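Peer 1: Before I ask anything, let me first share the structure, which is written out below as structure tokens.
The values are calculated or read from the model by the stated rules, or taken from the named source; none is laboratory data. Bear in mind that the values here come from a model prediction, so they are computed numbers and not experimental data. No Cβ is skipped: glycine too gets one built from the backbone with ideal geometry, and neighbour counts run over all protein chains shown. Remember, those area values only see protein heavy atoms, side chains included, never the ligands or the DNA or RNA. Shrake-Rupley method; radii C 1.70, N 1.55, O 1.52, S 1.80 Å.
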Amino acid sequence: MVATPVAPDMTVADTSPNRPPRDVRGLLLRMALSAGGGVLLYLSFPPRTVWWLAPLGFALLGWVLHGRRARAGFGYGVLFGLGFLVPLLAWTGEFVGAIAWLPLSLACAALIGLGTSAMALVSKLPLAPLWAALLWVADELLRGVFPFGGFPWGKIAFGQPEGWYLPLAALGGAPLIGFAVALTGFGLAAVVRGFRARPIAPALMVVVPLAAGLAANGIVGTDASEGTAVVAAIQGNVPRAGLDFNSQRRAVLDNHVKRTLQLAQDVRDGKEPQPDVVIWPENSSDIDPFRNTDAATLIQQAATTIKAPIAVGAVVLGDDGLPRNTVVLWDPVRGPIDTYTKRKLQPFGETMPYRSFFRIFTKLVDRANNFQPGTDPDGFVMGPAKVSLDTCYEVAFDEIVRENVKTGANLIAIPTNNATFGYTEMTYQQLSMSRIRAVEHGRAVVVAATSGVSAMVQPDGSVTQKTGMFVPAALVERLPLRGQTTLATRLGAWPEWVMSAMGLLAVAFSLTQKRRVARPEPEVGPGEEDTDGGPAGAA
């Protein structure tokens, strides 16, 4: 007989059971599901109102992560993060181009990858969806402090102002909402994966967060425990969208003075009630009124005519010659009597991290400024209201808003300059944050933007008035003043820290279990006792 030659492609390496061929199609599918889950998460954010897409995005992520190694979990998490953050943070490139937007998105996506690598480790533990949701809270905590002093813009809670989860903010703040959304999604993935076994625990993890959100409606307070105040938000508009509006600083100031004078005339004509509080936006006077008498004269004219104190967003130079983003309390009789300086500055706009490094790639980085942060959280007493001031970017930071409210504020003001970011979704994302903060701290919120969207927000997060974009406008409304503190305000950061710690303990437990499984069993010799205490070989 003649031996049949072995075909060249029938090698031992190809058929060895120890080296299975890579499932390329399965890998590509998991990659697509990961990125697609991130896109669903992005689509759940304002200006869209499809909040329920967020748990579906987490369901896709949970499906992909189940049973994977930590390294694979990292890669899938990065894809999930890029699908979410690249479109969400497109507005950051309006100032200095893609050199800010894409590296920032990649850095935050890599941090999400760290979290999903940990989620992969716990994916085979009992109650795996619970541990994964807790680890998502830990991941958001990390992104709140790193990079660039923290960048929490993509917190899941900020996409839920229309959703059933919103009332949970009054119990545990934004972190509790993020946990509930993630738990629903991860639980849904577990339900689908074990459908034939009728998984009761995962089903509860889907239902309980939604039911808890609906039940928490009863604790969201809206009563005016400290009276009311007539509040006016002035949107003067800017000559044109984008960074170039700064070249016409006087025109921006003139616009806000003009719109305030028009409101004063409406008050005299009986068309609007007399305001107790007037809020101008951030950068409504980029001319320092302490150094420029023309600017001071215009602001004084506006305050005297409207017969109410005005919180004026101004750029003020310090004794060191460096700018501060400052809100000046301008009294109609006494003039400027108090200031609040923004404490959290926006990277790639008010500051430029690693400026010399990024300058290697583009000189656009020098368009970013060199503002200096403030330190005092105390706001202003304006008529019957004690106003907490959270300037623009600050509204994204849990601790900043909480510290400012805890100074005794019964009303929250968000002066902001969204003209810098043109017609991007940034202004809608920021309004969503303001609505979450209203419920979280049980306070009405007034948003005053240079070019829109300005809004009046009730303590339950509902928007009663809002403006269009790039139009002059004035919103006037009687808002409730509330002195009660919510459970979320009293607990502070504790819920976030406890949830994060529980997630990390689950990771530690999983690693311990893996080491036990990997540890080889000692050989038992004849006559020696086995691990059960009996003689070797005993039946």
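Peer 1: Which of the residues spanning the stretch 480-512 are among the basic types (K, R) and open to solvent by 20 Å² or more (accessible area, probe 1.4 Å)? Please lay out each step first, then the result.
Peer 2: Applying the first criterion (among the basic types (K, R)) to the stretch 480-512 yields 482, 490.
If the condition is that a residue be among the basic types (K, R) and open to solvent by 20 Å² or more (accessible area, probe 1.4 Å), then R490 is the only one that fits.
Peer 1: Could I ask something else about it? Among the residues of the stretch 482-493, is any part of a helix (DSSP H, G or I) and over 30 Å from V278 (Cα atoms)? Give the derivation first.
Peer 2: Initial filter on the stretch 482-493 (part of a helix (DSSP H, G or I)): 487-491.
With the extra rule that they be over 30 Å from V278 (Cα atoms), the set shrinks to 491.
Yes, the stretch 482-493 has at least one match.
Peer 1: To continue, here is another question. Within the stretch 455-479, which residues are surrounded by fewer than 17 Cβ atoms within 10 Å (Cβ to Cβ), in contact (Cβ under 8 Å) with a residue 24 or more places away in the chain and not in a loop (DSSP other than H, G, I, E, B)?
Peer 2: R478
Peer 1: If you go through the stretch 46-75 one residue at a time, how many are surrounded by fewer than 16 Cβ atoms within 10 Å (Cβ to Cβ) and either part of a helix (DSSP H, G or I) or touching a residue at least 24 places away in the same chain (Cβ under 8 Å) (or both)?
Peer 2: Going through the stretch 46-75, the residues surrounded by fewer than 16 Cβ atoms within 10 Å (Cβ to Cβ) turn out to be 47-50, 67, 69, 71.
Remaining after also requiring either part of a helix (DSSP H, G or I) or touching a residue at least 24 places away in the same chain (Cβ under 8 Å) (or both): 47, 49, 67, 69, 71.
Residues meeting the conditions: 5.
Peer 1: Out of the residues in the stretch 223-263 that are surrounded by 20 or more Cβ atoms within 10 Å (Cβ to Cβ), part of a helix (DSSP H, G or I) and hydrophobic (A, V, I, L, M, F, W, C), which is modelled with the lowest pLDDT?
Peer 2: Within the stretch 223-263, the match that is modelled with the lowest pLDDT is F245.
Peer 1: Among the residues of the stretch 441-454, is there at least one that is open to solvent by 30 Å² or more (accessible area, probe 1.4 Å) and in contact (Cβ under 8 Å) with a residue 24 or more places away in the chain? Outline the logic, then answer.
Peer 2: Step one: of the stretch 441-454, the residues open to solvent by 30 Å² or more (accessible area, probe 1.4 Å) are none.
For the stretch 441-454, residues open to solvent by 30 Å² or more (accessible area, probe 1.4 Å) and in contact (Cβ under 8 Å) with a residue 24 or more places away in the chain: absent.
Peer 1: Yes or no: the stretch 273-296 includes at least one residue that is outside any loop (DSSP other than H, G, I, E, B) and surrounded by fewer than 18 Cβ atoms within 10 Å (Cβ to Cβ).
Peer 2: Here is the first cut: in the stretch 273-296, the residues outside any loop (DSSP other than H, G, I, E, B) are 277-279, 285, 293-296.
Next, from what is left, pick out any that are surrounded by fewer than 18 Cβ atoms within 10 Å (Cβ to Cβ): 293-294.
Yes, there is a match, as at least one residue in the stretch 273-296 is outside any loop (DSSP other than H, G, I, E, B) and surrounded by fewer than 18 Cβ atoms within 10 Å (Cβ to Cβ).
Peer 1: Considering only the stretch 310-411, give the strands (runs of 3 or more DSSP E) lying wholly within it that have at least 3 residues that are modelled with pLDDT of 95 or more, open to solvent by less than 30 Å² (accessible area, probe 1.4 Å) and hydrophobic (A, V, I, L, M, F, W, C).
Peer 2: Details: elements: 310-317, 323-331, 335-341, 380-382, 385-389.
Because the criterion is at least 3 residues that are modelled with pLDDT of 95 or more, open to solvent by less than 30 Å² (accessible area, probe 1.4 Å) and hydrophobic (A, V, I, L, M, F, W, C), the strands (runs of 3 or more DSSP E) in the stretch 310-411 that meet it are 310-317, 323-331, 385-389.
Peer 1: Still on this model: Please verify whether A100 is touching a residue at least 40 places away in the same chain (Cβ under 8 Å), closer than 20 Å to M205 by Cα, small (G, A, S) and crowded, with 19+ Cβ neighbours inside 10 Å, treating the condition exactly as stated. Give the derivation first.
Peer 2: Details: touching a residue at least 40 places away in the same chain (Cβ under 8 Å): yes; closer than 20 Å to M205 by Cα: no; small (G, A, S): yes; crowded, with 19+ Cβ neighbours inside 10 Å: yes.
No.
Peer 1: So is V220 open to solvent by 10 Å² or more (accessible area, probe 1.4 Å), of a type outside the set (D, E, K, R) and modelled with pLDDT of 95 or more or not?
Peer 2: yes
Peer 1: Still on this structure, please answer the following. List the number of the failed condition for G81; all other conditions in (1) open to solvent by 10 Å² or more (accessible area, probe 1.4 Å); (2) modelled with pLDDT of 95 or more hold.
Peer 2: Status for G81: all satisfied but (1).
Peer 1: For the structure I just gave you, tell me whether S105 is open to solvent by less than 40 Å² (accessible area, probe 1.4 Å), farther than 27 Å from S462 by Cα and in contact with a Lys or Arg (Cβ under 9 Å, 6 or more places away or on another chain). Before the answer, list the steps.
Peer 2: Working: open to solvent by less than 40 Å² (accessible area, probe 1.4 Å): yes; farther than 27 Å from S462 by Cα: yes; in contact with a Lys or Arg (Cβ under 9 Å, 6 or more places away or on another chain): no.
In short, no.
Peer 1: If I filter the stretch 493-526 down to residues being touching an Asp or Glu at 6+ places or on another chain (Cβ under 8 Å) and at pLDDT 95 or above, which single residue comes out as farthest from I177 (Cα to Cα)?
Peer 2: We begin by selecting, within the stretch 493-526, every residue touching an Asp or Glu at 6+ places or on another chain (Cβ under 8 Å); these are 493, 496, 524.
Checking the rest, the ones that are also at pLDDT 95 or above come to 493, 496.
Numbers: A493: 14, E496: 11 Å.
The selected residue is A493.
Peer 1: What about R19, is it open to solvent by 90 Å² or more (accessible area, probe 1.4 Å), modelled with pLDDT of 90 or more and not hydrophobic (A, V, I, L, M, F, W, C)? Please lay out each step first, then the result.
Peer 2: On the way: open to solvent by 90 Å² or more (accessible area, probe 1.4 Å): yes; modelled with pLDDT of 90 or more: no; not hydrophobic (A, V, I, L, M, F, W, C): yes.
Answer is no for this residue.
Peer 1: Within the stretch 84-101, track down each residue that is among the aliphatic types (A, V, I, L, M) and either modelled with pLDDT under 90 or closer than 13 Å to L40 by Cα (or both). First the steps, then the outcome.
Peer 2: Let us first name the residues in the stretch 84-101 that are among the aliphatic types (A, V, I, L, M), namely 85-86, 88-90, 96, 98-100.
Of everything in the stretch 84-101, those that are among the aliphatic types (A, V, I, L, M) and either modelled with pLDDT under 90 or closer than 13 Å to L40 by Cα (or both) turn out to be L85, V86, L88, V96, A98, I99, A100.
Peer 1: Among the numbered criteria (1) more than 14 Å from the chain's Cα centre (by Cα); (2) within 19 Å of R402 (Cα to Cα), which single criterion is violated by A133?
Peer 2: The one condition A133 does not meet is (2).
Peer 1: Just to be sure I understand, how many residues within the stretch 412-434 are in a helix (DSSP H, G or I) and in contact with a helix residue (DSSP H, G or I) (Cβ under 8 Å, 6 or more places away or on another chain)? Don't jump to the end; show me each part of the working.
Peer 2: Of the stretch 412-434, the ones in a helix (DSSP H, G or I) are 419-421, 426-434.
Now drop any that are not in contact with a helix residue (DSSP H, G or I) (Cβ under 8 Å, 6 or more places away or on another chain), which leaves 419-421, 426-427, 429-430, 432-434.
Residues that pass the stated criteria total 10.
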